[in-house]
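Here the structure is laid out as structure tokens; the discussion comes afterwards.
The values are calculated or read from the model by the stated rules, or taken from the named source; none is laboratory data. In this text the structure is predicted, and so the values were computed from the model without any measurement. Methodologically, a virtual Cβ is constructed for each residue, glycine included, from the backbone with ideal geometry; neighbour enumeration extends over all protein chains shown. What goes into the accessible areas is simple: the full protein's heavy atoms, side chains included, and nothing from ligands, DNA or RNA. Shrake-Rupley method; radii C 1.70, N 1.55, O 1.52, S 1.80 Å.
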Amino acid sequence: MMHLPGHTEVVPPHRRYDEVAEASAALVIRSYSTSFGLASRLLAPSLRRDVRNIYALVRVADEIVDAPRPDQGSVDRRNELDQLEEQTYAAMTSGSSSNLVVHAFARTARRVGIDLDLVTPFFDSMRSDLTQVRHDFESLAAYIYGSAEVVGLMCLRAFLAGEPKADARYEHLAPGARRLGAAFQKINFLRDFGDDSDGLGRRYLVGLDPDDPDEAAWSLWLDDIDLDLTAAAAVIPELPMSCRVAVCAAHDLFAELTERLRQSSAAEARIRRVRVPNAGKARIAAAAVARRGIPRTARGVNA
């Protein structure tokens, strides 16, 4: 047993490991995402921990697939992803792992009720990136569900943990969480249009040929994203206040990205990634706080 500095209570030794695991997850989000990092800081502290734990596992899996070591082939990446999946399932059962990021995720999953029905589709989508380079509408819908929509559902489980009638509220709010996750993914597909096609050899968005991008198809994808963002905006005010402002800020940031993508052609987006400057992100977050989590609509008009 040990004593934490400044405390008289006796703390079980495993608590330090839990804290280190969760600090590791926090480091991942700080290192990889200014946008989600900013939004997560608007969450209540316990929710901030859970969202960071979810994000860290998702990011590690994504790095295995998209950022291999120079000497790693597809078989090596597949094996590494399989190992991460096995470690995750084992930790969700046992409650612990020697992998710090997996340990942090498993603690959140067990605490808030994230089951394999959300985790398995995620790993399925990550695995498909190792073999599938071109999508049709059916395969793309399955990919977006596993890579993004289930992540929104994992976060929703965390947001509602401990709430009265949490399961009923989850079922009611799940469609909106899925639409928000889908919007985030499609926006990133458009932002990463060049990197995905030129660097990774992937073509996610049906109708958009990177060698001869169709501006009409580009606009149609943006219209589709607007529908997702509008559907998500309709349910965000029903979220608990402990998470509403943060989700609103994330929604509004991606709505701003959509507006900037509309001002860019597909050909331009292939060579220059659309971004929101840090000052703009801070402005959007401050506006979400001022509106107490009532989001903008997809086309930038206050709800």
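If the elastic network links every pair of Cα atoms under 10 Å, which of R292, R270, R16 fluctuates the most in the Gaussian network model of the chain? Of the options given, R16 has the highest mean-square fluctuation.
Taking Cα atoms, how many degrees apart are the long axis of helix 100-112 and the longest axis of the chain, rounded to 10 and kept between 0 and 90? Tilt of helix 100-112: around 80 degrees.
The H on the amide N of R203, modeled in the peptide plane, is under 5 Å from the matching H of R134, H135, each at least 5 residues off or on a different chain. In the full protein context, the stretch 23-93 carries 50 Å² of accessible surface per residue, based on a 1.4 Å probe and ignoring ligands, DNA and RNA. Loop-located GluC sites (Glu not before Pro) in the stretch 185-256 (DSSP state not H, G, I, E or B) with no more than 14 neighbouring Cβ atoms inside 10 Å do not occur. The mean sequence distance of close C-alpha pairs (under 8 Å, at least 6 residues apart), as a share of the length of the stretch 1-156, puts its relative contact order at 21 percent.
Taking θ as phi - 60° and the Karplus parameters 6.51, -1.76 and 1.60, the scalar couplings of the stretch 218-224 work out to 4, 5, 5, 5, 5, 4, 4 Hz in sequence order, x denoting glycine and proline. Karplus-derived 3J(HN,Hα) values for the stretch 280-285, using 6.51 cos²θ - 1.76 cosθ + 1.60 with θ = phi - 60°, are x, 4, 5, 5, 5, 5 Hz; glycine and proline are entered as x.
If you run the Gaussian network model on the chain, springs between alpha carbon atoms under 10 Å, then out of A25, A269, A158 the most flexible one is A269. Expressed as a whole percent, the accessible surface of the stretch 106-198 that belongs to carbon and sulfur atoms is 51, based on a 1.4 Å probe.
Largest GNM mean-square fluctuation across H135, H251, H14, computed for the chain with C-alpha springs under 10 Å, falls on H14. Across the stretch 163-255, the relative contact order, built from alpha-carbon pairs under 8 Å that are at least six residues apart, equals 35 percent.
Solvent exposure of the stretch 201-303, expressed per residue, is 44 Å² of accessible area, with all protein chains present and a 1.4 angstrom probe. Compute the angle between helix 166-191 and the longest alpha-carbon principal axis of the chain, please, reported from 0 to 90 degrees and rounded to the nearest 10. Between helix and principal axis, roughly 50 degrees.
Backbone phi angles across the stretch 58-69, fed through the Karplus curve with coefficients 6.51, -1.76 and 1.60 (θ = phi - 60°), yield HN-Hα couplings of 4, 5, 4, 4, 5, 5, 4, 7, 9, 10, x, 5 Hz in residue order; Gly and Pro are listed as x.
Over the chain, what is the mean sequence separation of C-alpha contacts under 8 Å (at least six apart), divided by residue count, expressed as relative contact order in percent? That works out to 17 percent.
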